[in-house]
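**Student:** Before I ask anything, here is the structure I am working with.
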Amino acid sequence: MSTAAHGATSIEESLGPAPETQTPEKGPKAWVKRLAEGELGSLRVLIVLALIWTYFTVANSNFLTAPNLTNLALQIAAVGTVSVGVVLVLLLGEIDLSVGAVSGLCAAIVGVLSFKHGWNGYLAMLVGLGAGALIGLFQGTIVTWLAIPSFVVTLAGFLGWQGAQLAVLGSTGTINITDPAITNLAGKFLADWLGWLLAIASVAALILGNLNRRRRRSAAGLDLEPFSNTVIMIVAASIAIIVAVYVVNQDRGVPLSLVILIALVIFFEAIVQRTRYGRHVLAAGGNEEAARRSGIKTTRVKTLVFVLASTLAAAGGILAMLRLLAINQSSGGGDFLLLSIAGPVIAGVSLFGGRGSVWGALLGALVIGSISNGMDLLAYQSSTKFMVTGAVLLVAVVLDALGRKQRSVSGRA
């Protein structure tokens, strides 16, 4: 039944004035309001990260040393990679509780093929990634075509894939990775000059990307934030990149696993923000029924997201295996699932769907990893670590809900 039959307002009226006719709010109060509404989620996360780093630096002077920050980069690579897939699922307003178990199972497949069957390491890793894709296709098909809640389907997967992991590993339980094709990747660090080259390229891409975004918004007649804000953001991010490369170069250099994570974040952020498929994902997450009525094949969109999420979970499991050079029955277990989901939520990816950035995977992994790393340096007990991480996650969810409520009150989507 059409809304016109009920005398509802037109679309133009419900949307309010066009962006170019609105007067943008400026000043400190506007910044505070945007923070409260979740519009500056990345800035909020960076503030939290700065506070965390300040606390642990005061508590332990080793926290900001080059060796520890390099270890932190290695620690967040696996969780951050899994979180990239989790972000895509959250953008749909869905959840995937199986990513931890999938990461462990696919890493186990790689280990068994390489160690027990003598497969080439690269081929074994391709098979592991393929297994993750098939798992995602299976779970996504059940969720979309049978209309079963993703919570239920992936919870069943969480249990089932753990059992499959035990079956794949067999009685040995633990497999040590010795294939040179895999072990050489594990300890791979970029040469200093290559790390600087990547830093320069990243700063250039940051500048060009922001200028291009302003150009496109101006051409579309949309409001632009003050140019000074853009300059401040670019300068701050550039300094962070340069300092990070300088610090890790004082130790072993930029880890290859961190480069892989950042490359994945950039790639999938471009997909979400710049492609038709990405817009379909956001539309399905914002209002699936409206997206379906507008002609978007929502079942296909959602199924592919689950495929991508499980494939990225497999990649994260392989990166975790590379770091430890071993795979065992507990791989992908423990708090791995919690951290993979908590990171994006802490970084501002909405649990309600349709809002967030793939950069949340990296920022969230940094926050979660920093908390875990700092508490390890201070020799906190596991019970304290779980409680602190849970409290941070709860605060993030509350902030997300409050921001959503504030946007609703102010009439913003």
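The values are calculated or read from the model by the stated rules, or taken from the named source; none is laboratory data. Everything quoted here is computed from the prediction, not taken from an experiment. Cβ placement follows ideal geometry from the backbone for every residue including glycine, while neighbour counts extend to all protein chains displayed. Accessible surface is based on the protein model in full, side chains and every heavy atom, while ligands, DNA and RNA are left aside. Shrake-Rupley method; radii C 1.70, N 1.55, O 1.52, S 1.80 Å.
Per-residue answers, yes or no, for (1) without any contact (Cβ under 8 Å) to a residue 24 or more places away in the chain; (2) in contact with a Gly (Cβ under 6 Å, 6 or more places away or on another chain):
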site: Arg44; (1), (2): no, no
site: Thr57; (1), (2): yes, no
site: Gly104; (1), (2): no, yes
site: Tyr122; (1), (2): no, no
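**Student:** What's the number of the only condition in (1) at pLDDT 90 or above; (2) open to solvent by 30 Å² or more (accessible area, probe 1.4 Å) that Thr70 fails to meet?
**Tutor:** So the condition that Thr70 fails would be (2).
**Student:** Pairs, please: C-beta under 7 Å, at least 6 apart or cross-chain, first residue over 23 Å from Thr70 (Cβ atoms) and in region 170-189, second assigned to a helix (DSSP H, G or I) and open to solvent by 50 Å² or more (accessible area, probe 1.4 Å)?
**Tutor:** Pairs found: Ile175/Phe115; Thr178/Phe115; Ala181/Tyr122.
**Student:** One residue is enough: does region 180-195 have a residue meeting the conditions of a type in the set (A, V, I, L, M, F, W, C) and in contact with a strand residue (DSSP E or B) (Cβ under 6 Å, 6 or more places away or on another chain)?
**Tutor:** Narrowing region 180-195 to residues of a type in the set (A, V, I, L, M, F, W, C): 181-182, 185-186, 189-191, 193-194.
Within this subset, residues satisfying the condition of being in contact with a strand residue (DSSP E or B) (Cβ under 6 Å, 6 or more places away or on another chain) are 189.
Checking region 180-195: at least one residue is of a type in the set (A, V, I, L, M, F, W, C) and in contact with a strand residue (DSSP E or B) (Cβ under 6 Å, 6 or more places away or on another chain).
**Student:** Test Phe306 against the stated conditions and say whether it is out of contact with any His (no Cβ under 8 Å at 6 or more places or on another chain), of a type outside the set (A, V, I, L, M), in contact (Cβ under 8 Å) with a residue 40 or more places away in the chain and closer than 28 Å to Ile371 by Cβ. Show your work before the answer.
**Tutor:** On the way: out of contact with any His (no Cβ under 8 Å at 6 or more places or on another chain): yes; of a type outside the set (A, V, I, L, M): yes; in contact (Cβ under 8 Å) with a residue 40 or more places away in the chain: yes; closer than 28 Å to Ile371 by Cβ: no.
No: the conditions fail for Phe306.
**Student:** Identify all residues within region 208-224 that are surrounded by fewer than 15 Cβ atoms within 10 Å (Cβ to Cβ) and either in contact (Cβ under 8 Å) with a residue 24 or more places away in the chain or hydrophobic (A, V, I, L, M, F, W, C) (or both); write none if there are none.
**Tutor:** Leu208, Leu211, Ala219, Ala220, Gly221, Leu222, Asp223, Leu224
**Student:** Within region 250-265, does at least one residue satisfy the condition of being under 30 Å from Thr144 (Cβ atoms), part of a helix (DSSP H, G or I), open to solvent by 60 Å² or more (accessible area, probe 1.4 Å) and not hydroxyl-bearing (Ser, Thr, Tyr)? I'd like the intermediate steps shown before the answer.
**Tutor:** Looking only at region 250-265, we keep the residues that are under 30 Å from Thr144 (Cβ atoms), and these are 260-261, 263-265.
Those left that are additionally part of a helix (DSSP H, G or I): 260-261, 263-265.
Still in the running and open to solvent by 60 Å² or more (accessible area, probe 1.4 Å): 260.
Retained after the next criterion (residues that are not hydroxyl-bearing (Ser, Thr, Tyr)): 260.
Yes, because at least one residue in region 250-265 is under 30 Å from Thr144 (Cβ atoms), part of a helix (DSSP H, G or I), open to solvent by 60 Å² or more (accessible area, probe 1.4 Å) and not hydroxyl-bearing (Ser, Thr, Tyr).
**Student:** Hey, another quick one. If you take just the helices (runs of 4 or more DSSP H) that sit entirely in region 329-413, which of them hold at least 2 residues that are in contact with a His (Cβ under 8 Å, 6 or more places away or on another chain), modelled with pLDDT of 75 or more and open to solvent by 30 Å² or more (accessible area, probe 1.4 Å)?
**Tutor:** Numbers: elements: 336-346, 359-377, 382-409.
No helices (runs of 4 or more DSSP H) qualify here.
**Student:** From the list Ser171, Ser114, pick out the single residue that is part of a helix (DSSP H, G or I), of a type outside the set (A, V, I, L, M) and either closer than 16 Å to Ser98 by Cα or open to solvent by 80 Å² or more (accessible area, probe 1.4 Å) (or both). If you could, list the steps in order and put the result at the bottom.
**Tutor:** Working: Ser114 fails: either closer than 16 Å to Ser98 by Cα or open to solvent by 80 Å² or more (accessible area, probe 1.4 Å) (or both).
Answer to the selection: Ser171.
**Student:** OK, next. Looking only at residues in region 291-311 that are open to solvent by 50 Å² or more (accessible area, probe 1.4 Å) and over 19 Å from Thr81 (Cα atoms), which one is nearest to the chain's Cα centre (by Cα)?
**Tutor:** Applying the first criterion (open to solvent by 50 Å² or more (accessible area, probe 1.4 Å)) to region 291-311 yields 292-295, 297, 300, 304.
Retained after the next criterion (residues that are over 19 Å from Thr81 (Cα atoms)): 292-295, 297, 300.
Values: Arg292: 26, Arg293: 29, Ser294: 28, Gly295: 28, Lys297: 25, Arg300: 22 Å.
Per the stated criteria, the residue is Arg300.
**Student:** Follow-up question, since we're still on this one. Going through region 209-247 one residue at a time, which ones are part of a loop (DSSP other than H, G, I, E, B) and out of contact with any helix residue (DSSP H, G or I) (no Cβ under 8 Å at 6 or more places or on another chain)? Show your work before the answer.
**Tutor:** Our first condition is that a residue be part of a loop (DSSP other than H, G, I, E, B); within region 209-247, this holds for 220-226.
Within region 209-247, Ala220, Glu225, Pro226 qualify.
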